[in-house]
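Shown next, in structure tokens, is the structure this report addresses.
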Amino acid sequence: MRLAAALAVVLAWVAAAHAADIPVAAKKLSIVDTMAVNGRAKAVFTAKDPAITKGPGTDPAQISAQLELSYDSASGAFLASQGSGWLLNKATVAKYLNRAAPTGGVTRVTLIKPAKLIKLVAKGLGDTPIDISSPPSGGVLGVYTVTNDGVTNRHCTSFTTCTHRVIAGGSGYKLSCKNGVPAACPLPPTTTSSSSTSSSSSTTSTSTSSSTTSSTSTSSTTSTSSSTSSSTSSSTSSSSSSSSSSTSTSSSSSSTSSTTSTSTSSTTSTTAPLTGPAVPPNNGTVTVGFSGAASAGSAGGRTVDFSSFTPNTTWSRLYWGRSSLASATAGLDGTQHVLTFASFTGTTATWNGTTSWTNPANGTVHSSVPLRMTITVTGLGANPWVTSTSVPSLDPGPGTGIGAVVNNSSLVNFSANVQFLADIPTDGSGNFIALNDVPVLAGQTNSSFTGGFYSATP
């Protein structure tokens, strides 16, 4: 028996989804790093505030969360990805549990109680590790984001009372903060470009004059003078005298002057920042449909169809790709293994990872079995994918670390086919098959993908 892999795309059949930034008070933040000594680390974050919310959804399959921490040049993120790790999602509480942490993600447990509590405990320095080897020079910013049934809420706090210690004989560190105060959530960056122009002019004038007087006399005198500056001129005169005859001839001299001027002007343009991830895109709506297999883990994959993009005003830029709020994950051992972006070719982008797998036929355990997720986009041309880092204000920004996106600023209808695959050793290397076609022990197959739009308005 096996569980069907779920395509957990945060898509809304509802008319609109909303995002809110919520300043909250926090009780404590503690991070202990002894990785150099024993390979272990731990992080605990607790916030208590009546403004805390998890959103309206009550489906455990439709919720994800992450905690982002940053100070000075240090930053990290702790994920509670959408999928089977979420045990509860009801009106009074949502709970995520990964008993195998840090395997399958460093977050061991996170708990959300609306109007009361947020708590996260991790067995590591983050799925994106934070470096705490240096003490903070100012505050430590914490942003806890929860996306539930397409609604995203960011809870933001700033710890200004922190202590930093070197522990474990100089090989480890501990950062302890308390009494976080409500803080404004960070805005995506604004990019500025400048250009310059240069102009040059030149003028040249030439005049000639020379005189020579000669006679049959054998005595003569010659004088020559020359001067040079930013313009150059020269003249030569020669004279001789005799009583018999004289001849006068005009010849040449020249002067040249030139001037060059260069001026530079600068113009500055501002690119509207991207927001998201959200479905539908912020400040608008889109129609969403599904086709293909019932699961992205089944042969042929699951296809999501987007149509009828309708902005409330206009979108100056619109991109779609993996949501930065939830990693793509899959596994054949009951654990959600993070898949990382690898590459794209033509219409298809690829994310890779590994899992362990127990062959149910003989009980043999195979480690590092390759996993793959592919997303093939149709309707946006032959080469729709771009790297997320190449898009201004996306990565870094609301799409940090997502790898690749497609550009749909022209608002055309398009489809995205998502497939999860595995390459088990019993059928030869390089032969990827549908994840759900792999024979497994009951309850061992899982997969999760969350998509979202990143949009900008003028």
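Between S429, S415, which is touching a residue at least 12 places away in the same chain (Cβ under 8 Å) and on the phi < 0 side of the Ramachandran plot? Full working, then the answer.
Details: S429 fails: touching a residue at least 12 places away in the same chain (Cβ under 8 Å).
Answer to the selection: S415.
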| request: Within region 76-94, work out how many residues are out of contact with any helix residue (DSSP H, G or I) (no Cβ under 8 Å at 6 or more places or on another chain) and open to solvent by 70 Å² or more (accessible area, probe 1.4 Å). | output: 4
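Okay, residues lined up against (1) touching a Pro at 6+ places or on another chain (Cβ under 9 Å); (2) within 24 Å of S308 (Cα to Cα); (3) open to solvent by less than 50 Å² (accessible area, probe 1.4 Å):
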position: S367; (1), (2), (3): no, no, no
position: P392; (1), (2), (3): yes, no, no
position: N407; (1), (2), (3): yes, yes, no
position: V412; (1), (2), (3): no, yes, no
position: Y454; (1), (2), (3): yes, yes, yes
| message | Among the numbered criteria (1) surrounded by fewer than 24 Cβ atoms within 10 Å (Cβ to Cβ); (2) at pLDDT 95 or above; (3) of a type outside the set (K, R), which one does S134 miss? | response | (2)
| task | Only residues that are farther than 23 Å from I402 by Cα, at pLDDT 90 or above and open to solvent by 40 Å² or more (accessible area, probe 1.4 Å): list them for region 298-332, please. | result | A299, G300, S308, T310
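If a residue has to be open to solvent by 40 Å² or more (accessible area, probe 1.4 Å) and either farther than 26 Å from I63 by Cα or part of a strand (DSSP E or B) (or both) to count, how many in region 142-169 make the cut?
Qualifying residue count for the region: 10.
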| request: Return only the number of the condition from (1) at pLDDT 95 or above; (2) open to solvent by less than 50 Å² (accessible area, probe 1.4 Å); (3) closer than 18 Å to T350 by Cβ that T378 does not satisfy. | output: (2)
| field | Count - residues of region 21-62 that are within 19 Å of R108 (Cα to Cα), in contact (Cβ under 8 Å) with a residue 60 or more places away in the chain and in a loop (DSSP other than H, G, I, E, B) | value | 1
| Residues of region 410-447 that turn out to be farther than 30 Å from T285 by Cα and either of a type in the set (D, E, K, R) or not in a loop (DSSP other than H, G, I, E, B) (or both), as a count | 12
| query | How many residues does region 326-377 contain that are of a type outside the set (A, V, I, L, M), outside any loop (DSSP other than H, G, I, E, B) and under 23 Å from N408 (Cβ atoms)? | reply | 9
| In this structure, does K113 turn out to be at pLDDT 95 or above and surrounded by fewer than 17 Cβ atoms within 10 Å (Cβ to Cβ)? | yes
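Here is a check on your reading of the model: is T387 among the β-branched types (V, I, T) and over 23 Å from the mean Cα position of the chain (by Cα)? Before you say what the answer is, go through the steps one by one.
Numbers: among the β-branched types (V, I, T): yes; over 23 Å from the mean Cα position of the chain (by Cα): no.
The answer is no for T387.
Take the conditions among the small types (G, A, S), assigned to a strand (DSSP E or B) and open to solvent by less than 40 Å² (accessible area, probe 1.4 Å) and apply them to G124. Does it pass?
Values: among the small types (G, A, S): yes; assigned to a strand (DSSP E or B): no; open to solvent by less than 40 Å² (accessible area, probe 1.4 Å): yes.
Answer is no for this residue.
The values are calculated or read from the model by the stated rules, or taken from the named source; none is laboratory data. All values reported here derive from a predicted model rather than from experimental measurement. Note: ideal-geometry Cβ built from the backbone for every residue, glycine included; neighbour counts use all protein chains shown. We work out accessible area using only protein heavy atoms, side chains counted, and drop any ligands, DNA or RNA first. Shrake-Rupley method; radii C 1.70, N 1.55, O 1.52, S 1.80 Å.
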